[in-house]
Amino acid sequence: MGLVRITDPGVKLIMVGGKGGVGKTTCASAIALKIAMEGKKVLVISSDPTPSLSDIFDIAVGDRERRVHDQYELYGLEVSSEIVLKRWKERFGPEIYEVVSSFASVDYDFVDYIGTAPGIEEEYMLNFIMELVEGGTYDVVVWDTAPAGHTLRLLKLPELFLAHMEAATKFYMNIYSHFEKLKNTLKLNDSKRTLLEIIASWEALAERIVAFIRNGEAVKYLLVTIPEALGVRLTERVIKELEENRLAVENIIINNVVKDEDCEFHRMRKEMQEHYIRLIMATYGGKNIILLHLSPYEIKGLERIEEVAKRLFE
Ligand SMILES: Nc1ncnc2c1ncn2[C@@H]1O[C@H](COP(=O)(O)OP(=O)(O)OP(=O)(O)O)[C@@H](O)[C@H]1O
Ligand SMILES: [Mg+2]
């Protein structure tokens with residue numbers, strides 16, 4: 001059996017996660033191609049710092065959405081952290097400046113400073129993806145997330161985002177309450193109302209992101225792992241964290257599985273792998289587990305990607 005519930009009609013976003021180098025970009029590309037071949041308009045987006053989609057599609061993808069298939073409506077996009085931060089500044093910069101400059105004398109550079117706060121970039125990445133999905137240009141977005149640790153942090157984001165925004169909100173609310181008190185005596189003008197409105201809009205956005213990411217009908221999480229101790233441990237951690245955040249993983253891909261034991265080296269490797277495959281299967285009996293064999297060649301170009309897609313969905 002192949003991947004389940006990935007190509008369901010309501011699915012809008014597929015997130016592919018896992019440790020570094022396990023085959024996330026390969027699987028994300030194959031899934032995107034498969035869905036495009038079904039006649040849908042698909043965007044595969046990589047938030048990896050290295051231009052990985054370009055490598056696998058053998059075409060310069062870059063930071064503008066670009067069609068990567070002649071026949072099918074398959075598009076690629078490699079977003080760098082600079083771009084995400086730039087969009088964040090465009091989106092929140094004026095508001096932040098408006099809020100802060102209403103009670104303190106600051107330069108607009110202040111916005112750059114806020115932009116360096118840890119987590120901002122990943123927080124905004126979620127918003128960026130949500131806007132892409134809701135923008136409706138594509139039927140399905142496949143997100144090839146950045147490797148491990150990073151991904152783990154990303155997966156915590158719905159909570160983090162809210163916490164961050166709430167902290168900011170509380171901070172400004174405190175200040176605002178001073179204004180409120182002053183207001184009675186000093187009669188500050190109505191402009192402070194916008195301040196509250198801005199803060200409320202941030203909160204609403206954070207809530208919208210949480211709701212978006214938890215909509216199991218529209219958003220699917222898929223984990224790629226390898227049959228080795230490190231892969232297994234990381235999978236456990238990621239799944240635990242995801243599920244603590246009420247995000248269900250339905251499919252796990254075990255990649256690089258040795259198929260034929262045609263020599264002593266492969267016999268030993270296969271034996272080693274089987275131990276971990278059994279372990280994963282025993283731990284996640286309720287989930288759909290797909291084995292993806294190690295190919296003798298590099299997976300590069302549409303033909304190879306299509307072969308992977310066939311194996312993932314057969
Ligand atoms: N089943 C497979 N058989 C053979 N080669 C594979 C297979 N899966 C992936 N590869 C190769 O392994 C390398 C890593 O794969 P990929 O880039 O998809 O991993 P990744 O998880 O996206 O890595 P990163 O964390 O660095 O982004 C690539 O060169 C890819 O071609
Ligand atoms: Mg990758």
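The values are calculated or read from the model by the stated rules, or taken from the named source; none is laboratory data. Computed from a prediction, not measured in an experiment: that's the story for all the values here. Counting neighbours? That spans all protein chains shown, and the Cβs are built from the backbone with ideal geometry, glycine included. These area figures cover heavy atoms from the full protein model, side chains too; ligands, DNA and RNA do not enter into them. Shrake-Rupley method; radii C 1.70, N 1.55, O 1.52, S 1.80 Å.
Points to keep in mind about this one:
- Annotation: extensible slack from residue 98 through residue 70 equals 5.4 nm (criterion: 0.36 nm per residue apart, minus Cα-Cα distance).
- Surface share of carbon and sulfur [accessible, 1.4 angstrom probe, percent] for the stretch 242-314: 51
- Anisotropy class of the stretch 266-314 from Cα gyration tensor, a/c 1.5 cut: oblate
- Of 41/270; 86/310; 19/310; 24/270; 40/240, pairs whose Cα-Cα distance is over 28 Å: 41/270; 86/310; 40/240
- Rolling a 1.4 angstrom probe over the protein heavy atoms with all chains in place gives the stretch 2-117 an accessible area of 45 Å² per residue.
- Theoretical FRET efficiency, 1/(1+(r/R0)^6), r = Cβ-Cβ of residue 281 and residue 260, R0 30 Å, to 0.05: 0.90
- Peptides 255-262, 136-143 ordered by average Cβ neighbours within 10 Å, highest first: 136-143, 255-262
- Ranking by accessible area, most exposed first, for 266, 275, 69 with a 1.4 Å probe: 275, 266, 69
- Cβ-based charge dipole, the stretch 27-107, positive-most Cα from 81, 62, 39: 39
- In the context of the full protein assembly, residue 240 retains an accessible surface of approximately 130 Å², using a probe radius of 1.4 Å and ignoring ligands and nucleic acids.
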